[in-house]
Amino acid sequence: MVEPRRVSRMFLGKKEAMMTPKVKKAIFPMGGLGTRFLPVTKSIPKEMLPIVDRPLILYAVEEAKAAGIEEFIFITARGKGAIEDFFDHSQELSQILLDRNENAKQALLQDMLLRPGQVCHIRQQDPLGLGHAVWCARHLIGPTEPFAVVLADDLIKSSVSCLQQMVSAYAGGHMVAVQEVALQDVSSYGILEGMTGHGATIRATGIVEKPKPEHAPSTMAVIGRYILDGSIFSILEGQQKGHGGEIQLTDGLAKSLEKADPYPYLTGFKFQGERFDCGSLRGFLRATLSYAMDTEELREEIRSFGEAHFL
Ligand code: UTP
């Protein structure tokens, strides 16, 4: 059995740090229906909804880039073609911007692009759940290779990208981003159980998907950032449907903890930053206001609108 190394990578010896494989690939599951945003999500992917002027998926990709991710695996579905187009060249638009001397806008579009061969799109033909979406990428990741999973509808505002914080602290096994939630909210999250340790990284012996408050083992909730060991794929392979009739990633993680080998441990990582649940209307609105307040030309507008309408 491999013993967990719960110290931050920053504090590992040179040899030990070298032994922990680098996280180079990230999966972005986008196969969900986004029913909470109907009717807009009937023809627009939830991940293309903008917070101010950038779609959610761009925030997620930028976060992953800052964490050193080199390969981007998009799990999409029918009607999500706009995501593919968004990260592709638009020669005509670029030319028009250049002709108009709008060089800053042209450079912005150029910076956003993912390089050829850096991005791969996989169709999840049926929305069978997050565990199923991750499993769809099984042929692109090695059986012992660590990889990230980023849910674009969980937007995290932080000075150091949340995934970057996790990659720095990662020392093997499965790692999930966590934060405390109110007891009445536990039924919306995967919840850790059997926690030990202090500081930013904690060890957990189990994880439960969306428990009722009266059955919740803790209030430590999993947020949409993961670093998983490739061994999860063999577990997801035979995974049965769980909560909501979907194949749950949480159930796969719980099962992998029951196995004695090769990586029977789970780390919860308490990230620094503010998280917005942009899969809900409330969280989406809060994120919009928060990011707009960070934008100089909008800040005063929001203040005066608020004073005129709400005070
Ligand atoms: P959600 O639980 O938010 O589901 O999925 P959803 O379908 O996106 O939205 P609602 O609840 O109907 O409004 C959490 C994450 O898992 C992905 C989603 O795209 C989202 O990022 N997911 C979910 C998949 O990729 N495939 C699935 O089959 C289900």
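On full extension, the segment bounded by residue 234 and residue 44 gains 65.1 nm, given 0.36 nm per residue less the C-alpha separation.
Approximating the spin labels as points 7 Å out from Cα along Cα→Cβ, the residue 92-to-residue 138 distance works out to 4.2 nm. Looking at the chain, the accessible area is 52 square angstrom per residue; that uses a 1.4 Å probe and ignores ligands, DNA and RNA.
How about region 41-80: which trypsin sites (Lys or Arg not before Pro) there lie in a loop by DSSP and see at most 16 other Cβ atoms within 10 Å? Walk me through the intermediate numbers first.
Values: sites: 42, 46, 65, 78, 80; in loops: 78, 80.
Qualifying residues, ordered by number: 78.
With the radius of gyration and the Kirkwood radius both derived from the Cα set of the chain, what is their ratio Rg to Rh?
Working: Rg = 20.1 Å, Rh = 20.6 Å.
Rg/Rh: 0.98.
Scoring 148-154, 135-141, 240-246, 110-116 by mean Cβ neighbours within 10 Å over their residues and listing the highest first yields 148-154, 135-141, 240-246, 110-116. Straightening the chain between residue 255 and residue 102 buys 49.7 nm, computed as 0.36 nm per residue apart minus the Cα-Cα spacing.
Taking each DSSP H run with n ≥ 4 as -39500 (n - 2.57) and averaging over every residue of the chain yields -9000 deg cm²/dmol at 222 nm.
Charges were assigned to the Cβ only: +1 to each Lys and Arg, -1 to each Asp and Glu. The resulting dipole of the chain about its Cα centre is roughly 680 debye.
Taken along the Cα-to-beta-carbon direction at a fixed 7 Å, the label points for residue 125 and residue 280 span 3.5 nm. Compared with the direct C-alpha span, the chain from residue 111 to residue 307 gains 66.8 nm at full extension, assuming 0.36 nm per residue. Amide H to amide H distances under 5 Å link residue 122 with 74, 75, 76, where only residues 5 or more positions off or on other chains count and H is placed in the peptide plane. Placing unit charges on the Cβ atoms only, positive for Lys and Arg and negative for Asp and Glu, gives region 179-293 a dipole magnitude near 260 debye about its Cα centre.
Taken one residue at a time, the phi angles of region 124-130 give Karplus couplings (6.51, -1.76, 1.60, θ = phi - 60°) of 8, 5, 10, x, 8, x, 5 Hz. Gly and Pro are set to x.
Computed from backbone phi with θ = phi - 60° and the Karplus coefficients 6.51, -1.76 and 1.60, the 3J(HN,Hα) list for region 249-256 is 4, 4, 5, x, 5, 4, 5, 5 Hz; x is used for glycine and proline.
If you roll a 1.4 angstrom probe over the protein chains with everything in place, what fraction of the accessible area of region 69-209 belongs to carbon and sulfur, to the nearest %? Kindly include the intermediate steps, with their values, before the conclusion.
Values: 3400 of 6780 Å².
Looking at region 69-209 in its full context, I get 50 percent from C and S.
In the chain, taking the dipole from charged Cβ atoms about the Cα centre, the farthest positive-side position among 64, 311, 86 is held by 64.
When its C-alpha radius of gyration is set against 2.2 N^0.38 Å (N residues), region 230-311 gives a value of 1.80.
The values are calculated or read from the model by the stated rules, or taken from the named source; none is laboratory data. The model shown is predicted, which means the values in this text are computed figures rather than measured ones. Glycine gets a Cβ as well: all are built from the backbone with ideal geometry, and neighbour counts include every protein chain shown. Heads up: the accessible areas ignore ligands, DNA and RNA and are worked out on the full protein's heavy atoms, side chains in. Shrake-Rupley method; radii C 1.70, N 1.55, O 1.52, S 1.80 Å.
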